Amino acid sequence: MKKPKHQQTIKIPKGILYTAKALETVSPRLTTLFAIKLFTTPMRHKLPKREIEMDANSKQQLLKINSINKEVMVYSYGTSPKKVLLIHGWSGRGTQLVKIADEFLKLGYSTISFDAPGHGKAPGKTSNMTEFIAAALQIEKQFGPFEYAVGHSLGGMTVLNSIKRGLKVKKAVIIGSGDVVEDILNDFVLKLKLKPNIAERMKSDFENKLGETMNSYSAYIAAKEVSIPVLVIHDENDDDVPVSAAHHIYDHLSNGQIMITKELGHRKILGDNKVIKKIVEFIQ
């Protein structure tokens, strides 16, 4: 049986769908460039009430990430020298993991998080996972060391890839993380109602720019090279990323634990008391 694919719940406006289809009849190249622009442009959302306190009580500063020549907004929350790195998902913010951050403060830790390029208060309009990783690695140099790392969705993929590339933490937690980069790309093209060859063209463009395969950034690939304990948390009713992704990642970890929840979806899971309790048990 073929593994379920990622299904993004965000509906693409009809005007964009019309433009994409119109371009496809004229030029595959223009269609590819249009799709890449959409794929790498996150949406900025208004700060929810639950995140206002963390936003107000964080020390914030723009940090230039030298390797990508872009800036991120860094949030220092708490004053303890024992620090935890938190990484948000696509179209998220540095305050998105506030409930988890608050729990770490109670346990005597401080947290460092950031708005990735094109997200939250960070400048720019576009981003991708390689920029998330570059930000995490430079932030470790300037704000670390970190005891633990916690990532949600794309942030979870970033955590594993960052550890693979040198991030030093004792344990990691990934929540609602995708497993295969190409699946995400293919489903995005499907959502745009374009032909599969556009996904192949996009993949080729990305790989030419990266100088390596997109699949090398897949979380299950990175998991093979992660030896520290990793807790994988996922909801079976996640409509953005199938729960099969969690099992796929877990199967490739040498020192993993897994928690599957019900009826929390892709975002509500971040504030669930049982999930936070499990994270606390895992790190202690």
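If you check Lys203 against the conditions, is it over 30 Å from Leu33 (Cβ atoms), at pLDDT 95 or above and not in a loop (DSSP other than H, G, I, E, B)? For Lys203, the condition - over 30 Å from Leu33 (Cβ atoms), at pLDDT 95 or above and not in a loop (DSSP other than H, G, I, E, B) - is not met.
Quick check on my filter: what residues within region 253-271 are assigned to a loop (DSSP other than H, G, I, E, B) and more than 19 Å from the chain's Cα centre (by Cα)? Write out each step before concluding.
Going residue by residue through region 253-271, those that are assigned to a loop (DSSP other than H, G, I, E, B) are 253-255, 262-267.
Hits for region 253-271 are Ser254, Asn255, Lys262, Glu263.
Is it true that some residue in region 18-40 is modelled with pLDDT of 90 or more, in contact with a Gly (Cβ under 9 Å, 6 or more places away or on another chain), part of a loop (DSSP other than H, G, I, E, B) and open to solvent by less than 60 Å² (accessible area, probe 1.4 Å)? Yes: region 18-40 contains one or more residues that are modelled with pLDDT of 90 or more, in contact with a Gly (Cβ under 9 Å, 6 or more places away or on another chain), part of a loop (DSSP other than H, G, I, E, B) and open to solvent by less than 60 Å² (accessible area, probe 1.4 Å). Residue count for region 58-79, restricted to those that are in contact (Cβ under 8 Å) with a residue 24 or more places away in the chain, more than 15 Å from Thr95 (Cβ to Cβ), open to solvent by 20 Å² or more (accessible area, probe 1.4 Å) and not charged (D, E, K, R): 5.
Taking residues in region 222-241 that are among the hydroxyl-bearing types (Ser, Thr, Tyr), and partners anywhere that are open to solvent by 30 Å² or more (accessible area, probe 1.4 Å), the pairs with Cβ atoms closer than 6 Å and at least 6 places apart or on different chains are Ser227/Ser254.
Residues of region 260-275 include none that is touching a Lys or Arg at 6+ places or on another chain (Cβ under 6 Å), within 27 Å of Arg93 (Cβ to Cβ) and free of Cβ contacts under 8 Å to residues at least 40 places away in the same chain. Comparison of Glu212, Glu207, Glu236, Glu225 shows that the only residue that is surrounded by fewer than 19 Cβ atoms within 10 Å (Cβ to Cβ), charged (D, E, K, R) and within 21 Å of Arg267 (Cβ to Cβ) is Glu236. If you go through region 107-147 and keep only what is closer than 18 Å to Tyr77 by Cα, open to solvent by less than 10 Å² (accessible area, probe 1.4 Å) and part of a helix (DSSP H, G or I), you end up with Ala135, Ala136, Ile139. Summed over region 176-198, the residues that are open to solvent by less than 20 Å² (accessible area, probe 1.4 Å) and either among the polar types (S, T, N, Q) or at positive phi (or both) give a count of 2.
Does Val280 satisfy the condition of being touching a residue at least 40 places away in the same chain (Cβ under 8 Å), in a helix (DSSP H, G or I), in contact with a helix residue (DSSP H, G or I) (Cβ under 9 Å, 6 or more places away or on another chain) and surrounded by 18 or more Cβ atoms within 10 Å (Cβ to Cβ)?
In short, no.
Selection over region 42-54 of residues that are in contact (Cβ under 8 Å) with a residue 40 or more places away in the chain and open to solvent by 30 Å² or more (accessible area, probe 1.4 Å) gives a count of 6. Residues of region 239-259 that are open to solvent by 30 Å² or more (accessible area, probe 1.4 Å) and closer than 21 Å to Tyr148 by Cα: Tyr250, His252, Ser254, Asn255, Gln257, Ile258, Met259.
The values are calculated or read from the model by the stated rules, or taken from the named source; none is laboratory data. Just so you know, these numbers come straight off a predicted model, no measurement behind them. Cβ coordinates were reconstructed from backbone atoms using ideal geometry, including for glycine residues, and neighbour counts include every protein chain displayed. Accessible surface areas use protein heavy atoms only, side chains included; no ligands, DNA or RNA. Shrake-Rupley method; radii C 1.70, N 1.55, O 1.52, S 1.80 Å.
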